[in-house]
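Starting off with a structure, shown below.
The values are calculated or read from the model by the stated rules, or taken from the named source; none is laboratory data. Note that the structure is predicted; figures quoted are calculated from it, not measured. Cβ: placed from backbone, ideal geometry, glycine included. Neighbour counts: every protein chain shown. Note: accessible area is taken over every heavy atom of the protein model, side chains too, but ligands, DNA and RNA are not part of it. Shrake-Rupley method; radii C 1.70, N 1.55, O 1.52, S 1.80 Å.
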Amino acid sequence: MSTLLADTGNPDLDLLRVINGLSWSAPGWLDGLVSWVGEYGILLGLAAVCLTAWLRARKAPDAPVAVAGLLWAPIAVALAELANLPISAIVDRPRPFVDHPELNVLVEGKEGTLSFVSDHSAMSMGIAVAVLLVNRRLGLVAGLLALLQGFCRMYMGVHYPTDVIGGYALATAVVLLLAPIAMAVLVPLCHALTRTAAAPLIVARSRRAAPSGRRRRRRGGARRPGPTVGAEPGPQERDLAA
């Protein structure tokens, strides 16, 4: 099969062989664990990161803007996956184990699919970059998960290092380059949703109730009565005057 990224004993293949070679000496349970993590585990972990970021974004002072940024994450991933369709067809790169049967393949059913770019790597990095724009700490956590995703894909023998790097680059470009356009649409949308029944999805109830609560405290505060002009002094006041 023709390919625009032919392997000729370059560092790309050498690094893949080193990382995939670790699986030959690893116990079977570890290979199974890495395979599950690389296929499903990291994506579930990123979903948990996004959920945590959303719960915190709803409590932020600029909650509609923060939630809009998180809403951009899955949209950006979907766009990156769509962009990968023509890229993958043009590059036409088979999976590494097709041309190099000596690799230890830990998952089945990948033979008829193309290798460049790595979909899992693109999805992971797309989420990480989008979350980083909203919440730095959670974005760094997501970034570490994305890097682990790339390692797992090479450990499993289903992607070259350049497949992983290509996925990272594609997702990062989509998130950053299209973010201004996306936010110009999503921020007004989230602001509009705060005036509908979907408001709890955008702003936490505690933040919406805080201003009215302060007004109630001001209105309900007890005032100490002062002397009334022209009123007859009471018994105690007459005694003190005497």
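Restricting to region 64-74, count the residues that are open to solvent by 20 Å² or more (accessible area, probe 1.4 Å) and more than 11 Å from the chain's Cα centre (by Cα).
Residues that pass the stated criteria total 1.
If you go through region 31-50, how many residues are without any contact (Cβ under 8 Å) to a residue 60 or more places away in the chain and within 16 Å of Ser124 (Cβ to Cβ)?
6
From the list Leu138, Leu186, Leu144, which residue is surrounded by 17 or more Cβ atoms within 10 Å (Cβ to Cβ) and either in contact with a Leu (Cβ under 7 Å, 6 or more places away or on another chain) or free of Cβ contacts under 8 Å to residues at least 12 places away in the same chain (or both)?
Step by step, each of Leu138, Leu186, Leu144 is checked, and only Leu186 is surrounded by 17 or more Cβ atoms within 10 Å (Cβ to Cβ) and either in contact with a Leu (Cβ under 7 Å, 6 or more places away or on another chain) or free of Cβ contacts under 8 Å to residues at least 12 places away in the same chain (or both).
Taking the options Glu81, Glu108, Glu102, name whichever one is farther than 27 Å from Ala199 by Cα, in a helix (DSSP H, G or I) and open to solvent by 40 Å² or more (accessible area, probe 1.4 Å).
Answer to the check: Glu81.
Let me ask another. Applying the selection to region 163-183, what residues are surrounded by fewer than 23 Cβ atoms within 10 Å (Cβ to Cβ) and over 12 Å from Asp119 (Cα atoms)?
Thr172, Ala173, Leu176, Leu177, Leu178, Ala179, Pro180, Ile181, Ala182, Met183
Would you mention how many residues in region 32-63 are surrounded by fewer than 24 Cβ atoms within 10 Å (Cβ to Cβ) and over 27 Å from Gly109 (Cα atoms)?
Qualifying residue count, region 32-63: 14.
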